[in-house]
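Shown next, in structure tokens, is the structure this report addresses.
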Amino acid sequence: MMVLRGPRVVLRDATDEDEPRLSEIAGTPEVTRWWGPVDEFEDMLAITVDGMVIGAIQFDEEEDPMYRRAGIDIFVDPKWHGQGYGQEAIRTLARWLIDERGHHRITIDPAAHNVVAIKAYEAVGFRRVGIMRAYERDPATEVFHDGLLMDLLADELA
């Protein structure tokens with residue numbers, strides 16, 4: 001089982017026992033607004049604080065040596081927003097991806113109008129790269145909206 005420890009959060013493989021709690025979080029309007037319906041949690045890491053699941057984080061890796069990089073995506077229970085836990089989870093996972101997996105660049109791609117998420121990602125050290133026009137289908141309206149490509153280089157992790 002994968003376990004990564006930050007100062008206050010522990011990231012660990014999500015288990016079947018976590019599914020009801022993660023479904024509850026994913027079903028909140030604040031998460032559904034950006035993620036749409038989530039019914040698969042097997043490739044996610046549960047974000048825990050004092051043993052309580054407060055969200056999930058996942059990553060993907062591009063293995064081609066010409067384009068090697070990793071990407072991160074996250075959701076946190078709205079009750080835990082504004083306390084720095086999401087930033088800590090991202091920082092913890094990014095540090096592992098850089099130090100243990102050898103990535104020099106991490107990407108994240110929030111909706112361009114998700115101001116709260118963008119601010120949190122910038123606090124970790126992510127920088128705005130550019131707008132990806134009509135990038136993803138909005139779960140609520142089904143209209144494509146723009147995404148913001150952000151990246152973090154290994155020496156920029158805050």
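Worth a mention:
- Listed by first and then second residue, the pairs linking a residue in the stretch 138-158 that is within 17 Å of T92 (Cβ to Cβ) to a residue that is of a type outside the set (G, A, S) and surrounded by fewer than 17 Cβ atoms within 10 Å (Cβ to Cβ), with Cβ atoms under 8 Å apart and 6 or more places separating them unless they lie on different chains, are L152/R127; A154/H104; E156/R127; L157/R95.
- Yes/no for V129 being touching an Asp or Glu at 6+ places or on another chain (Cβ under 6 Å), more than 30 Å from P20 (Cβ to Cβ), β-branched (V, I, T) and surrounded by fewer than 17 Cβ atoms within 10 Å (Cβ to Cβ): yes
- Any hit, the stretch 88-96, residues being assigned to a helix (DSSP H, G or I) and either β-branched (V, I, T) or farther than 19 Å from G125 by Cβ (or both): yes
- Hey, Y121 among the hydroxyl-bearing types (S, T, Y), loosely packed, with under 15 Cβ neighbours inside 10 Å and outside any strand (DSSP E or B) or not: no
- Looking only at the stretch 84-104, and only at residues there that are under 17 Å from D64 (Cα atoms) and aliphatic (A, V, I, L, M), the one that is surrounded by the most Cβ atoms within 10 Å (Cβ to Cβ): L97
- Wholly enclosed strands (runs of 3 or more DSSP E) of the stretch 4-80 bearing at least 2 residues touching a helix residue (DSSP H, G or I) at 6+ places or on another chain (Cβ under 8 Å) and surrounded by 11 or more Cβ atoms within 10 Å (Cβ to Cβ): 45-49, 52-62, 69-76
Any read-out appearing in this document is the output of simple, stated calculations on the displayed coordinates, not a laboratory observation. Not measured: the values here are computed from a predicted model. Neighbour counts are summed over all protein chains in view; Cβ atoms, including those assigned to glycine, are modelled from backbone coordinates with ideal geometry.
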